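These notes concern the structure reproduced below.
The values are calculated or read from the model by the stated rules, or taken from the named source; none is laboratory data. Model, not experiment: these values are computed from the prediction. Here Cβ is always computed from backbone atoms with ideal geometry, including for glycine, and neighbour counts include all displayed protein chains.
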Amino acid sequence: MKPGEILIIIPTFNERENIVLLIPEVKKILPEADILVVDDSSPDGTGQCVKEIAATINGVNLLERSKKEGLGKAYISGFKWALERNYQYIFEMDADFSHDPKFLPDFISAIQENDLVIGSRYKSGVNVVNWPMKRLLLSYYANQLARVVTGIPIRDSTGGFKCFRRSVLEALKLEKISSSGYFFQLEINFFAWKRGFRIKEIPIIFPDRKRGVSKMSTKIIREALFLLLRLRFISFFKRNY
Ligand SMILES: Nc1nc2c(ncn2[C@@H]2O[C@H](COP(=O)(O)OP(=O)(O)O)[C@@H](O)[C@H]2O)c(=O)[nH]1
Ligand SMILES: [Mg+2]
């Protein structure tokens, strides 16, 4: 892959301890990739930290947003940033090491024959390590429900370790994406599936974060239920999404 073709977008909110370790690790495994950290003005100074790293490591960028608006909005501004430039393969990745950079080369091989590659916690059994049982059951059943309700043939629709071909993001009407939380992931997968893009799930192992805190909230769960109903409706009545 040529330099300037791969962009890894990492959304952050209070991830200082993680991001300082993650960026060098990603660069070690995929030196040709550029990185874009989308930070929602984290009070812990994540943004400043990234600026310092960017001064020493090539291809590291920071997109600062003025307030915390959720994962979906952060990604959408990251996607726009990528599309304004020449990137062909655009990744989503969490900052907290639940997404191990060692899997990045697997995505690169799989994207050669596909348009969207999804790192899947539930492709071969359940590959989640150290999550509280309550959290695991919530995630697992939310994904099962998403499959039954929308018909989407994907086992892990809410995960955020993904690689898109540019063409998928170009086709997507970014301003129409309604979810701000994690279910934004399902919304995009649903769209890509409806549009007939080639989607592949590859197995990943997902350990819980060791540093910092999760941003999961009940607001996200509520939003998810509404999204499921809406996608169900679209699945039934509309051919085009
Ligand atoms: N920019 C931005 N990043 C966020 C926001 N919410 C979560 N994140 C980031 O999204 C990634 C996944 O969030 P995390 O809290 O680890 O979710 P969990 O693994 O499902 O508990 C992490 O890198 C977070 O820092 C947000 O509102 N804005
Ligand atoms: Mg996490």
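Of note:
- The residues on offer are PRO31, PRO24, PRO3, and the sole one that is surrounded by fewer than 22 Cβ atoms within 10 Å (Cβ to Cβ), more than 16 Å from ligand 2 (Cβ to nearest atom), at pLDDT 95 or above and not in a helix (DSSP H, G or I) is PRO31.
- If the condition is being in contact with a helix residue (DSSP H, G or I) (Cβ under 8 Å, 6 or more places away or on another chain) and more than 21 Å from MET216 (Cα to Cα), then the stretch 25-50 contributes GLU25, VAL26, LYS28, ILE29, LEU30, ALA33, ILE35, LEU36, CYS49, VAL50.
- Selection status of VAL149, more than 16 Å from ligand 2 (Cβ to nearest atom) and closer than 24 Å to ILE90 by Cβ: no
- Scanning the stretch 220-231 turns up at least one residue that is closer than 24 Å to ASP100 by Cβ and at pLDDT below 95.
- Qualifying residue in the stretch 191-199 (condition: without any contact (Cβ under 8 Å) to a residue 60 or more places away in the chain and either assigned to a loop (DSSP other than H, G, I, E, B) or under 24 Å from SER98 (Cα atoms) (or both)): yes
- Residue check for ARG65: surrounded by fewer than 21 Cβ atoms within 10 Å (Cβ to Cβ) and closer than 25 Å to PHE183 by Cα: yes
- When residues of the stretch 122-154 are limited to those that are touching a Phe, Trp or Tyr at 6+ places or on another chain (Cβ under 8 Å) and not in a loop (DSSP other than H, G, I, E, B), the one surrounded by the most Cβ atoms within 10 Å (Cβ to Cβ): THR150
- Applying the criterion of being within 14 Å of ligand 2 (Cβ to nearest atom) and either part of a loop (DSSP other than H, G, I, E, B) or not acidic (Asp, Glu) (or both) to the residues of the stretch 10-21, the residue that is farthest from GLN88 (Cα to Cα) is ASN14.
- Pairs, first at negative phi in the stretch 52-76, second surrounded by fewer than 17 Cβ atoms within 10 Å (Cβ to Cβ) and β-branched (Val, Ile, Thr), C-beta under 8 Å, six or more apart: ILE53/VAL20
- Annotation: of all residues in the stretch 36-90 being part of a loop (DSSP other than H, G, I, E, B) and among the basic types (Lys, Arg), the one that is farthest from ARG16 (Cα to Cα) is ARG85.
- The residues in the stretch 172-189 that are in a helix (DSSP H, G or I) and surrounded by 13 or more Cβ atoms within 10 Å (Cβ to Cβ) can be counted, and the count is 7.
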